[in-house]
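Structure first, then comments.
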Amino acid sequence: MKVFTNTHKRYQLSALTLGVLASLQAGQVRAQETDAAVDESSIEVINVSGIRGSQVASIFNKRTADTVVDSIAATDIGKLPDVTISDSLQRISGVQIRRSAGEGASLNIRGLPQVVTQLNGEQYLGANSVVSTQPNFSDIPSQLFRGADVYKNATADLGNAGITGTVNLKTYRPFDFEEGQTVSGSVEFQRGDETQENDPNLSALYNWHNGKVGFLISGTYANVNLANSYNGLNTGSPGDAGWTDRTSAEEVGEPGRDGRVILGAQGFSAWNQGTERERFGINSSTQVDLGEGFVFTADIFYTEQEEFNRKLGMSATNKWGPRGWFTPTEERATGAMIDGGEVYAWSQAELYPSRLKSFTQNDVYNNSSTNINLQLDYDNGGAFTGEFRTIIGRASQEHRHGYNEGDLTNGSTTLGRTTNLVPSDKCGPNDEVVGDEGGCLQAINANGYSEDPHLTYDTTGEHPVWSGFDRELAGGLGGGATIADYMANLDSYNVGAFSSEGNENAEGDLNAFSMKGKYRLEEGYITSIDAGIRYAKRSAEYERYNLFSPVQTAGCEAQWKATDVLLNAPAPACSDGETVNGEFMPYAALESIPLDQYNNVVQVTDFGPVSGIPAVWAADPRDYDDPEAFHNRVFGSSTKNVIPGSSFSADIAELNYFVQANFEALDGLLKGNAGVRVIETDLSVKQNIAGENKAYGGTAVDTGDVLSSRDYTNVLPSLNVSYSITDDLVARFAFSKAMTPLNLNQYGEGLTLSNALDSVAGSPTEGQFIVTGGSLAGNPNLDPWESTNYDISLEWYTGEASMISAAIFRVEIDSFTVSETVDMEMPDADGIVRRSVPISTLVQGEGGTLKGFEIGAKIALSDYLAADSMFTNFGIDSNFTYSPSEGSGTDIYGEQNMFNDNSERQFNLIGWYQGDRFEARIAYNYRSERLAGQGGWGALNLFQDETAYVDVSASYDINDNFTVYAQGSNVTGEYEDYYLQWPDQYAFQNYYETRYTVGVRAKF
């Protein structure tokens, strides 16, 4: 018996093969069941390969699914159709991704990140999702997967499900292959047009089974170097929201402004980042047919990634200085009002930064995860089938941060002085000895500049343009020296600051046990009953800390090892200095240190597409591959100071059970299921109580714990119906209620305060660090995300590899979280309460809505044309999603905001060709603007502008065993533009390189 045959034998597909490739998950087939048993001995098994085979498998899975499902399938063993899993998943309608160093990383479905990840039908714990819900697949090797399903709606038996969708990643298992031995592998090299390095990517798979016992092991190793450039608002990284920097609107009544308001900024920067990712992954699976209908499966899925984000850049900033340091020369009225003045969007300005500097940053991540599945399936051909599973998951992520600042000022423009007091052991031959203990006054940076530089910043073009570096600047290099001369002179740099802040340790555990069974009925409209019970406990320990290091004399430790930090905190905190002429003078936490005294240095000339910036000197970011070791070498033994407000532990235990009736009527034309899942949740959270800040840093003292516990129950009904209008035209309706817990940090994080140096002349706290704001990010009493989902779709299956579909959907968000800002009295860094500051916190939100429609077409021309037609080997895969939303809050005009991270429009177009030996594909992905952040700069929203990425690939089968292939990602050099409220109010750009891959794949 053969089904789904085609005139090309390569494309012949049996029902068994399609089921294995598209639907089989750990013994559980999510295709709709039939009462008749299939005689597998009469089915000819023919392997699926190539783009067309992948499309056939995806269509088969959608057609036979019992709810709204879209899928991707590997075109060959170990070969998903894109570089990363996220890149492949973005081809599915409604799936939107964000990139990290140009590679697909986190994703949402229909505009929301509350998406659950499963591995072979059970919950998956990844290193990038220890405390979050949103999937992030940047550390997971794609070669280990045979495909993935995206469920847009839920069935009662689906298990843990997301609000707008569930992603099920599917690995290979021994019984997926023909009996005997299967060996495959690939060797490839990737190269970026910026990094210019040949990066290896190796993978291999071995499988053997004899029909009774099977063993599989597959592994992959890659070491890639990725380029990422940035320019714009002075933020820490492209993932940071620039609008959260300490900024404000200019004074309405400032002379010359006539009531016009412009947006203040802390500074502007440009940098390039080299991201090195070393990935390693193993998938091992054993299957044993125990007889009498029992099959045992044991899976181990392990991933490990070490990542270095080495950043070099230039910054022009007025950090901690007065407002009014830049003057717009090109602006326009927006009609929006702030504080009684009209906001003007500006695109060109004259800058007078007090601080022009280089900076170096390295963020290091060490990720690992292990997911173990032990599974026993029972199917003896009778009315009852069953499954028992045990899931053990362990994941960890370590983040280490290192930072160095190369200052060009001599201190007069930033500190109001050109010398620092240092202890006697730091005195040099040219320093002035003062004080009773032999301390001395040391020049901060004798070869630095002594007046504010004058620069021009122009964002009117495609990329920003800097100018003015040829202007003369007073300072240590003497008359006639230009700004560029100071930047080119290594001796004009001193270290402005060393720091290691925001380091993180995250560890997660998952233990789950589930039993489910199906009982087939002989008569009546109800064909079978499914029921099951599941218990799962997820635990997380999250710790964030800053490094404090000993500075100057014994007993003084500082988080900010910087020239602008004075050791003058009142007792009992460390207060160190000298008495000079009867007056106490504090030491600076950092003496004048040449940039190359403790660091290797490099000259930076590449800032990406931004133009006009001359070369600068900066510390080599590789010096901070181990930031703690660096600080220990320079300062002695550093200490880890945990940030209480950002550290917590949380446990979520869920007991859930379901029952589902599967039905069929009208001679099989009407099919579906109706069920209900009940989830009983116990939540336990340990938060830390933050006390006063330690001196010379923004780290509070942990003064105790707050333990919270609560429980809640969710009843989640679902209904899925399909009706075959004709043999090839299917209508579907799906309804479900969904619940997803919040990110664990939204339960566990406490109070975190932001501090800044008070530069207001005459202020009682002038020169001290004062509180400027903060966040109270966690609340154990918040309810989980809850929604009611509706889908109606029409699917026309026009051929074996062709279909056209249309769907409308509505997601009513019954419960979610929103950010709210309140004024609260908070202490300054010295522990004294002097002021009220804005504190952002989470509160319960209600009433959000996502709605829209999706249309798609998968067309293989071989389904319509004769075999000898010149176009018969071509095909397309295209879809469009429209998903407007109503989220929380309003913009500056009072209009309702969309949900964060949502794009209203998404479009995919893939054209492909597959001949006997050669195949090729070009893929286009478009995403309209998305809301990236709310409420900065006087209620202005941050948006990412529309993007369009193009990827290409081609392969040639040398023979049945060997294939050579090539691939290009982001071949058009697309970049990300961000703006504040209006497209002409520039915020920043992320620029990712084009990457190319060549490789050879073998299978035996």
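Does a label point 7 Å from the Cα of V715, set along Cα-to-beta-carbon, have any residues of the range 769-800 with amide nitrogen under 18 Å, and which are they?
Of the residues in the range 769-800, 786-789 have backbone N under 18 Å from the label point off V715.
How big, in percent, is the set of alpha carbon pairs in the range 304-417 lying more than 23 Å apart?
66 percent
Could you check the simple spin-label distance between R834 and I689, using points 7 Å along Cα→Cβ, in nm with one decimal?
2.6 nm
Using a basic spin-label model with each label point 7 Å from the Cα along Cα→Cβ, how many nm lie between S724 and V213?
My value for the distance between the label points is 4.3 nm.
Which semi-axis lengths, in whole Å and largest first, follow from the square roots of five times the eigenvalues of the Cα gyration tensor of the range 653-699?
55, 14, 4
Isolated Cys in the chain by the 4.7 Å beta carbon test?
none
Send over the semi-axes of the range 887-928's equivalent ellipsoid, whole angstrom and largest first, taken as the square roots of 5 times the C-alpha gyration tensor eigenvalues.
Its equivalent ellipsoid spans semi-axes of 42, 7, 5 Å.
Please report the spacing between the Cα centers of the range 151-174 and the range 260-291 in Å, no decimals.
So the separation of the two Cα centres works out to 23 Å.
What whole-number volume per residue, in cubic angstrom, does the convex hull of the C-alpha atoms of the chain give?
Looking at the chain, the number lands at 164 Å³ per residue.
Find the relative contact order for the chain and round it to a whole percent, using C-alpha pairs within less than 8 Å whose residues are 6+ positions apart. Before the final figure, lay out the partial values.
Numbers: 2987 pairs, mean separation 106.5, N = 1004.
Rounded, it is 11 percent for the chain.
Starting with the fewest neighbours, write out H209, H454 ranked by other beta-carbon atoms found within 10 Å of each beta-carbon.
H454, H209
For the range 909-979, which semi-axes, largest first and in whole Å, follow from the square roots of 5 times the eigenvalues of its Cα gyration tensor?
Sorted largest first and rounded, they come to 41, 10, 8 Å.
With +1 assigned to the C-beta of every Lys and Arg and -1 to the C-beta of every Asp and Glu, and no other charges, what is the dipole magnitude of the range 45-105 about the Cα centre in debye, to the nearest 20?
Dipole magnitude for the range 45-105 comes out near 120 debye.
Using +1 at the C-beta of Lys and Arg and -1 at the C-beta of Asp and Glu, which of T752, S763, W796 has the Cα lying farthest in the positive direction of the dipole of the chain?
The one lying farthest along the dipole's positive direction is W796.
Reachable aspartates and glutamates from K1003, Cα under 14 Å, same-chain residues fewer than 8 places away excluded?
Of all the aspartates and glutamates, those that pass the test against K1003 - Cα under 14 Å, at least 8 places apart if same chain - are D76, E178, D957, D960.
One-quarter of the Cα convex hull surface for the range 336-397, in nm²?
Mean shadow area of the hull around the Cα atoms is 13.9 nm².
For a distance above 22 Å, tell me the whole-number percent of Cα pairs in the range 498-642 that qualify.
Summing the P(r) of the range 498-642 above 22 Å gives 65 percent of all pairs.
When a/c is below 1.5 the answer is rounded, else prolate if a/b is larger than b/c, else oblate, so apply that to the range 688-738 with a ≥ b ≥ c taken from the square roots of the Cα gyration tensor eigenvalues.
Oblate.
Calculate, for S424 and E472, the FRET efficiency according to 1/(1 + (r/R0)^6) with r their C-beta to C-beta distance and R0 35 Å; round to the nearest 0.05.
So, using R0 = 35 Å, E works out to roughly 0.35.
Past the 13 angstrom mark, what percentage of all C-alpha to C-alpha distances in the range 849-924 do you count?
74 percent
Rounded to the nearest Å, what's the spacing between the alpha carbon centres of the range 511-545 and the range 634-684? Just the number, please.
Distance between centres, Cα-based: 12 Å.
Would you work out which of F853, H631, T286 lies farthest towards the positive end of the dipole of the chain? Charges go on Cβ: Lys and Arg +1, Asp and Glu -1.
The residue sitting most towards the positive pole is T286.
Under a Cβ-only charge scheme (Lys and Arg +1, Asp and Glu -1), can you give me the dipole magnitude of the chain about the Cα centre, in debye to the nearest 20?
It comes to approximately 2020 debye.
Kindly flag which residue pairs out of K79/K537; K357/K426; K516/K851 have an alpha-carbon separation exceeding 30 Å in this structure.
Working: K79/K537 34 Å; K357/K426 24 Å; K516/K851 33 Å.
Going by Cα-Cα distance, K79/K537; K516/K851 fall outside the 30 Å limit.
Answer with one residue from L655, Q196, A807: the one whose Cα lies farthest towards the positive end of the charge dipole of the chain, charges on Cβ with Lys, Arg +1 and Asp, Glu -1.
Toward the positive end, the furthest listed residue is A807.
Within the range 608-638, whose backbone N sits under 17 Å from a point 7 Å along Cα→Cβ of Y598?
Of the residues in the range 608-638, 618-638 have backbone N under 17 Å from the label point off Y598.
Can you tell me the length gained on complete extension of the stretch A653 to T390, counting 0.36 nm per residue apart and subtracting the Cα distance?
93.2 nm
When only alpha-carbon atoms are used, what values of Rg and Dmax, in angstrom, describe the range 759-892?
For the range 759-892, the Cα radius of gyration and maximum Cα-Cα distance read 27.6, 88 Å.
Quick one: order W271, W466 by neighbouring beta-carbon count within 10 Å, fewest to most.
W466, W271
Counting other Cβ atoms within 10 Å, keep those with at most 14, restrict to DSSP loop, and tell me which GluC sites (Glu not before Pro) in the range 458-540 are left.
On the way: sites: E462, E472, E501, E504, E507, E522, E523; in loops: E462, E501, E522, E523.
Here the GluC sites (Glu not before Pro) that fit, given the DSSP loop and packing criteria, are E462, E522, E523.
If I take the Cα coordinates of the range 777-826 and project them onto the principal axes, what are the three extents in Å, biggest first?
Per principal axis, max minus min of the Cα coordinates gives 67, 18, 16 Å.
Can you tally the net charge around T317? Count Lys and Arg as +1, Asp and Glu as -1, for every other residue whose Cβ sits under 9 Å from the Cβ of T317. Before the final figure, lay out each step's value.
Working: positive: K319, R355, K357; negative: none.
Cβ neighbours under 9 Å give a net charge of +3.
With all distinct Cα pairs included, what does the Kirkwood hydrodynamic radius of the range 681-834 come out to in Å, to one decimal, could you say?
In the range 681-834 this quantity evaluates to 20.4 Å.
Could you grab the relative contact order for the range 876-973? Cα pairs under 8 Å, six or more apart, rounded to a whole percent.
21 percent.
Which shape class applies to the range 807-875: rounded if a/c is under 1.5, otherwise prolate when a/b exceeds b/c and oblate if not, where a ≥ b ≥ c are the square roots of the Cα gyration tensor eigenvalues?
prolate
At 7 Å along Cα-to-Cβ for each site, give me the label-to-label distance between I526 and T849 in nm.
Each label point lies 7 Å from its Cα, and together they span 3.6 nm.
Lys and Arg at +1, Asp and Glu at -1: add these up for the other residues within a Cβ distance under 12 Å of K858 and post the number.
Numbers: positive: R52, K62, R63, R91; negative: D70, E795, E800, D863, D877.
Within the 12 Å Cβ shell, the charges total -1.
Quick note: the coordinates plus some simple rules give every number you see, no bench work behind them. Nothing here was measured: the structure is a model prediction, and the numbers come from that model. With ideal geometry, Cβ positions are generated from the backbone for all residues, glycine too; neighbour counts draw on all protein chains shown.
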